[in-house]
1. Name the residue that is surrounded by the most Cβ atoms within 10 Å (Cβ to Cβ), counting only residues in region 1-12 that are assigned to a helix (DSSP H, G or I), out of contact with any Leu (no Cβ under 9 Å at 6 or more places or on another chain) and not basic (Lys, Arg).
2. Looking at Phe46, is it touching a Phe, Trp or Tyr at 6+ places or on another chain (Cβ under 9 Å) and modelled with pLDDT of 90 or more?
Amino acid sequence: MSEEKRVADDLLFLLTYMASIATADIDRNELFKHTSEQNYPLSIYFKRVYTLAAKWSYAYSKACKFISKKAKFVILGTIENSSEITISLNFYRRARGERRGIRKPSED
């Protein structure tokens, strides 16, 4: 398997993992922390994003942007957009009052 294909597969797994655990109503720090603990070579990039945001008070969007620019793989530039999408979905769920898969009843 080519290195580019392996990187793409690992990134797909990690982003899918993030999307799935985001449904557990966890905060961004936990989302990135758990993702960084996965046994994949690309997890180190999520660890770096987590460290910048949780320990150095960077905004997650800026941390993702910074790390994606420093990454040696071109495909990792998608971390910035994909992570922001995951984070946005998590905030959207919270804004609607959805918790652990249960939505507030609509007021129709």
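1. Ala8
2. yes
The values are calculated or read from the model by the stated rules, or taken from the named source; none is laboratory data. Please read these numbers as outputs of a predicted model, since none were measured by experiment. Counting neighbours? That spans all protein chains shown, and the Cβs are built from the backbone with ideal geometry, glycine included.
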